[in-house]
Amino acid sequence: MWKLQALVVHILLMGSILSTYFQPTILPNLVPQKTMSEMGLEPPANRLVVFVTDGLRAASFLANNGSDVPDLKDIYRKQGRIGISRTCAPTMTRPGHIAIFGGFNEDPAAALVNFRYNPSDFDTVFNRSRHMIGWAHRYIVDYFNTLPHGGAPLRFDSYMERELPKKLSCDKWAFDKVANFLTNGDNVREWRNYKPSVFLVYLADMDIAGHRFRPLSEEFFKRLQHTQRGIRNTYELFERVFNDSRTAYLMTSDHGMNNEGFHGGGSSFEVEIPLFMWGAGVRREEIDLEANFPRKPNISQVDQSQLAPLMSALIGLPPPMNNLAMMPVGYLNVSDEYEAVALHLNVLQLLSQAQILIRRHEKAMFYKWLPKFKELHLDLIDQYAPQFDFLKAEGNLTEAMEMCQEFGKLAKQCLEYYHEYYQIPLIVSTSLSYLIWFYCLLLQLTRLSKKEKVPRRGYMTFSTLILVMIGILVITMLELQNVPHITAFYLILPVGMLIMAQAERPVKGYWILHPLWNFGFILLPAVLMMSMAFIIKHLWMLYGISVLLNNRRALRKPSMKLFIWLCLALLVAIMLFVEQRIRKGLRNVPLKDFHVLYISMVLAIIRPLILGHRHDLRVWTFNTVAMLAGAYGVYQYMVYEESVSPYVYAVTWSFLFFAFLSIAYFAKSLPEARKRLQLITINMVTVLSLLTNSWSCLNVQIVITEFIFGLEVYEQSKRTKETEVVEDERKSLKNLKDFYRYGYMILLYFFVAFFLAGHWLSSFLFKSTAARLFYPHFSLYIAGSLVMLKILLPSLICICVLYAMVPFVRKNSRSILICAFLISDAMGLYKYYFVRNRGSWKRIRTCLDQILLTHAVNFMLLGGLCLAKIFLCNTTMEKPERKRTRTSRSTLAADETEA
């Protein structure tokens, strides 16, 4: 029951974090505004062609006065305007495309899926046009293809890079596809009648070249020459085919790139991208006689999200319904009335979103007494449209546009205010939930530490009734306030947690024993582990000091086993240092990944032989066959371009089931805990080798071997004593210290194995390579499950080692796990206050991964303990020879202090 309780509470705590910072902000059930034609105005263009050059930064486009893009410069001499579009971190492909065509920066909820999938449906320029066709990478198509289209499906022609005949040929594919489409007379006749229409040409080579060669390389600029020439040829083809001067063109990028060939952050190279507009409806900026490219600070700049309302106005469409940007003024070659009306439609679309949120809050019973956005209200919104119509009728278009700008700014502020309306209450309620959970765990730990078990008060008490009545009252108030149900649930969560905690209170006696000791045992390890693992990144130092202090007694009696353990501990510390402090970590070693993996596979078979483990012949056979099949599968994956034989998949899946089921099958023949532990270890290490692609398995084997040797050294160095009198209070304190010591040890080795297994928190992704020997295609669920298994296995082995070798751990596993929960949850509470949902992709992912990891470790340890108990049930432990001594109470006190 307590395991289920811990599981549910940690799920709820993790959900409260996501509810606080990552709730969707996209509003549903919006209605599009009128088109410009419906407003009585003719748009300047019938069609829009958008060239998205992935990864091209403004600095590369503008360099050397445009000499690297000569064909585009020739166009600029005659028409168009050049500017800078400023994207918003995270500078990634999906957020960039959504900002360009959706008019808003990526929803914070998208960070949970690494900005790769649609957490919510949204509207785009494509959907508003009703006639759209694009040529793009399949990943880009997936961003938009699954969105509601209102009966006008988007048309895409897509590809995957591996399907192309040679590398860096993505742009050639796109240009050829466009040319084939436009040279077909039936297509031209069909699309000439579509008004308005949008054409998307996605060009991926610049991003690939930037990553591969870096943006300052000669190869990069050669690729840029090819891309810009293709853009000009495609432009000229459109003009020849349609030949009506009613086509507008826009060239931009989804994000930039720094000099090292990376993106995702907020540097100027990553944020500033080119904007080149020409064709119908584009206002020409003032240029010199030689048509030199503009330079800072004289170059015009817009936010990337402003392109959506700007493109919409070019072809007479209203902005996308979820648009949050204001159309930039001065970019359209249209009348003042047309520009004013386009801006007016933009503001109406923003006000319609603000109106929904304001009405939602005004319907609440306690709205009058709660904070509100006073600068904008429903009466003011109702006055906007008549005021604009009046100014427009009077001919005061300048004043009308100023009013539009003012109302648009207020609408954006109002939306931001109400989207974050419940964030502070959620932070307070989540903090209370954490603190109450700590209190509940400490009550349980106190009861388990005592020799005489004091009964709990339970739920059938008067205090429970009072708390239930308070909860019902709060729920009623939240319902009357129209609080969203998920938010209301987490606001009421502390009351439910308090009911659970009061049920844990003892009927009599102390509620919490040794409160100051508990505070220190929780805070000190949490601070050390948080700082060393995530902040200053010196986990190797914390690991080294911890293991030396733990085995300090053994240092007094040198032995061969002690020497081996010290060598292994030194090796683990060095590996941790290299991984955390040196760029590329162990990959600096001049060995290829598959060579290291082959070495780890051989070691997985040789290691049990070296340590003198004895296994059934069937165990050796199955593990060896699985290793050979895995090695052959890795070879196939490299040589045959990520293709693996179905026989390899059959062997790996068969062994995965064998690894777990064989432990139960051989249980009767392995009644001794150590021998069954040896079977668990060899099976799990083999599974781990099939899930890794580099150093992970080798590192984990070294960590596991060091852990076992260190534990044996510690157990041999313990001095057992038999005393005449043992004070209950002192014994409970000693037990408490041991609980925290083993809990801290389990957490420490989890993080050590986690970092050495190659899971980098700044880019923690479910990569298909983790499942390459189990499944031929990328699947989020299969790859994600196997990655979770890969993370679990080292901790599972360590818990099994403790459960099989240490009687104290077997007897007090619940208390030890509670201590691990307390330390890990303290780390999670600290990280909760520093979660970022906006800004650099790397920072967002780092914050999110770190706080999720502090919760995931609890699930891993809970699952590991359950599996360890199943694997090692009905086993007997070796009883070490005990040296019986009689000591005085003072000597005992000194020894307890030392322990």
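The values are calculated or read from the model by the stated rules, or taken from the named source; none is laboratory data. This one's a predicted model, so the numbers in the text were calculated from it and none came from an experiment. Cβ: placed from backbone, ideal geometry, glycine included. Neighbour counts: every protein chain shown.
Scanning the range 287-332 for residues that are of a type in the set (Val, Ile, Thr) and more than 35 Å from the chain's Cα centre (by Cα), we see that the one that is modelled with the lowest pLDDT is 287.
Only residues that are in contact with a Pro (Cβ under 8 Å, 6 or more places away or on another chain) and either aliphatic (A, V, I, L, M) or in a loop (DSSP other than H, G, I, E, B) (or both) were counted in the range 476-524, giving 2. Can you find even one residue in the range 638-648 that is in a helix (DSSP H, G or I), touching a residue at least 60 places away in the same chain (Cβ under 8 Å) and either under 31 Å from the mean Cα position of the chain (by Cα) or under 29 Å from residue 784 (Cβ atoms) (or both)? Yes, the range 638-648 contains at least one residue that is in a helix (DSSP H, G or I), touching a residue at least 60 places away in the same chain (Cβ under 8 Å) and either under 31 Å from the mean Cα position of the chain (by Cα) or under 29 Å from residue 784 (Cβ atoms) (or both). Looking at the range 816-833, can you tell me whether even one residue there is modelled with pLDDT of 90 or more, touching a Pro at 6+ places or on another chain (Cβ under 6 Å) and aliphatic (A, V, I, L, M)? Looking for residues that are modelled with pLDDT of 90 or more, touching a Pro at 6+ places or on another chain (Cβ under 6 Å) and aliphatic (A, V, I, L, M), one finds at least one in the range 816-833, hence yes. Among residues that are within 29 Å of the chain's Cα centre (by Cα) and either among the aromatic types (Phe, Trp, Tyr) or assigned to a helix (DSSP H, G or I) (or both), residue 634 is included. If you go through the range 230-245 and keep only what is at pLDDT 95 or above and either more than 24 Å from residue 174 (Cβ to Cβ) or under 41 Å from the mean Cα position of the chain (by Cα) (or both), you end up with 230, 231, 232, 233, 234, 235. The range 41-156 holds helices (runs of 4 or more DSSP H) entirely within its bounds, and those carrying 1 or more residues that are among the hydrophobic types (A, V, I, L, M, F, W, C), closer than 14 Å to residue 254 by Cβ and at pLDDT 90 or above map to 58-62, 93-102, 138-145. Taking the conditions (1) assigned by TED's automatic domain parsing to the domain that holds residue 849; (2) in contact (Cβ under 8 Å) with a residue 12 or more places away in the chain; (3) not aromatic (Phe, Trp, Tyr) in turn, residue 497 satisfies each one other than (1). Among the residues of the range 3-23, some residue qualifies, meaning at least one is assigned to a loop (DSSP other than H, G, I, E, B), in contact (Cβ under 8 Å) with a residue 60 or more places away in the chain and crowded, with 18+ Cβ neighbours inside 10 Å.
For the range 816-825, state whether one or more residues are outside the structural domain of residue 87 (by TED's automatic domain parsing) and surrounded by fewer than 21 Cβ atoms within 10 Å (Cβ to Cβ). Checked against the condition, which is being outside the structural domain of residue 87 (by TED's automatic domain parsing) and surrounded by fewer than 21 Cβ atoms within 10 Å (Cβ to Cβ), the range 816-825 yields no hits at all. Examine the range 333-356 for a residue that is in a helix (DSSP H, G or I), within 38 Å of the chain's Cα centre (by Cα), within 20 Å of residue 32 (Cα to Cα) and without any contact (Cβ under 8 Å) to a residue 40 or more places away in the chain, and state whether such a residue exists. The answer is yes; a qualifying residue exists. Here residue 212 meets each of (1) more than 32 Å from the chain's Cα centre (by Cα); (2) surrounded by fewer than 16 Cβ atoms within 10 Å (Cβ to Cβ) with one exception, condition (1). Screening residue 596 on (1) buried (at least 19 other Cβ atoms within 10 Å of the Cβ); (2) outside any helix (DSSP H, G or I) shows it passes everything except condition (2). The set of residues from the range 276-297 being loosely packed, with under 14 Cβ neighbours inside 10 Å and either basic (Lys, Arg) or not assigned by TED's automatic domain parsing to the domain that holds residue 77 (or both) comprises 284, 295, 296.
Every residue, every condition in (1) closer than 27 Å to residue 640 by Cα; (2) small (Gly, Ala, Ser); (3) in contact (Cβ under 8 Å) with a residue 60 or more places away in the chain, yes or no:
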site	(1), (2), (3)
133	no, no, yes
154	no, no, no
161	yes, no, no
177	no, no, no
184	no, no, no
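Residue 248 fails exactly one of the following numbered conditions: (1) more than 21 Å from residue 172 (Cβ to Cβ); (2) in a loop (DSSP other than H, G, I, E, B); (3) more than 25 Å from the chain's Cα centre (by Cα). What is the number of that condition? Tallying (1) more than 21 Å from residue 172 (Cβ to Cβ); (2) in a loop (DSSP other than H, G, I, E, B); (3) more than 25 Å from the chain's Cα centre (by Cα), residue 248 fails exactly one: (2). Tallying residues that are in contact (Cβ under 8 Å) with a residue 40 or more places away in the chain and surrounded by fewer than 20 Cβ atoms within 10 Å (Cβ to Cβ) within the range 236-257 yields 6.
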